[in-house]
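Visitor: To start, I am sharing the structure in question, which I have written as structure tokens.
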């Protein structure tokens, strides 16, 4: 498989998938991404239903959509094909910061689940922006340990300062796992490495 094939999305619907999972994603990468994201989404739905959460249809839709998006992003953005795509030549820190910035999920959750206060939503989103900027401005060789430290802080804040109610306790940890560890780190993003 040539480097140009790896870096060029296919036309049509396949190209839409390529722009998420990365051109040249192996069948194993795609299987992991699909099985994990759909299984996690099913788990969220089953758990919420079994505990009798009185969500309205919009709350159900947002919770399941975010579960699919965030869980999928945890594995997909960490895969070799996606790292090659998202860290290809020409994709600079500004683009990676923009990727994090468009994830307004905490603010949307507040609007749909008012029990999540504005302060929690703004603090979570604000932390994401500050942590993303700090990570992307740090020396390249130090980004992995810095990213892990920033994620650890986010995890502690999720557990102690940004509590979610039953059915959404997964949100904060996976949100930051996707956006502070899976997406911004480019280690292994070598166009010539072989998918297995």
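Visitor: Among the residues of segment 111-128, are any surrounded by 13 or more Cβ atoms within 10 Å (Cβ to Cβ), under 26 Å from residue 30 (Cα atoms) and either out of contact with any strand residue (DSSP E or B) (no Cβ under 7 Å at 6 or more places or on another chain) or modelled with pLDDT of 95 or more (or both)?
Guide: So far as segment 111-128 goes, no, none of its residues is surrounded by 13 or more Cβ atoms within 10 Å (Cβ to Cβ), under 26 Å from residue 30 (Cα atoms) and either out of contact with any strand residue (DSSP E or B) (no Cβ under 7 Å at 6 or more places or on another chain) or modelled with pLDDT of 95 or more (or both).
Visitor: Going through 88, 84, 10 one at a time, which residue ends up being buried (at least 20 other Cβ atoms within 10 Å of the Cβ), over 18 Å from residue 179 (Cβ atoms) and either in contact with a helix residue (DSSP H, G or I) (Cβ under 7 Å, 6 or more places away or on another chain) or at pLDDT below 95 (or both)? If you could, list the steps in order and put the result at the bottom.
Guide: Numbers: 88 fails: buried (at least 20 other Cβ atoms within 10 Å of the Cβ); 10 fails: buried (at least 20 other Cβ atoms within 10 Å of the Cβ).
Only one candidate passes the filter, namely 84.
Visitor: From the list 68, 34, 53, 20, which residue is assigned to a helix (DSSP H, G or I), in contact with a helix residue (DSSP H, G or I) (Cβ under 9 Å, 6 or more places away or on another chain) and within 17 Å of residue 168 (Cα to Cα)? Reasoning before the result, please.
Guide: Working: 34 fails: within 17 Å of residue 168 (Cα to Cα); 53 fails: assigned to a helix (DSSP H, G or I); 20 fails: within 17 Å of residue 168 (Cα to Cα).
Being assigned to a helix (DSSP H, G or I), in contact with a helix residue (DSSP H, G or I) (Cβ under 9 Å, 6 or more places away or on another chain) and within 17 Å of residue 168 (Cα to Cα) holds for just one of 68, 34, 53, 20, which is 68.
Visitor: Identify all residues within segment 103-131 that are without any contact (Cβ under 8 Å) to a residue 60 or more places away in the chain, under 10 Å from residue 179 (Cβ atoms) and within 13 Å of the chain's Cα centre (by Cα); write none if there are none.
Guide: 128
Visitor: Condition first: surrounded by fewer than 19 Cβ atoms within 10 Å (Cβ to Cβ) and in a loop (DSSP other than H, G, I, E, B). Now tell me which residues in segment 138-163 satisfy that.
Guide: 138, 139, 161, 163 - these are the residues of segment 138-163 that are surrounded by fewer than 19 Cβ atoms within 10 Å (Cβ to Cβ) and in a loop (DSSP other than H, G, I, E, B).
The values are calculated or read from the model by the stated rules, or taken from the named source; none is laboratory data. Quick caveat: nothing in here was measured; it's all calculated off a predicted structure. Please note: Cβ atoms are built from the backbone with ideal geometry, for glycine as well, and neighbour counts cover all protein chains shown.
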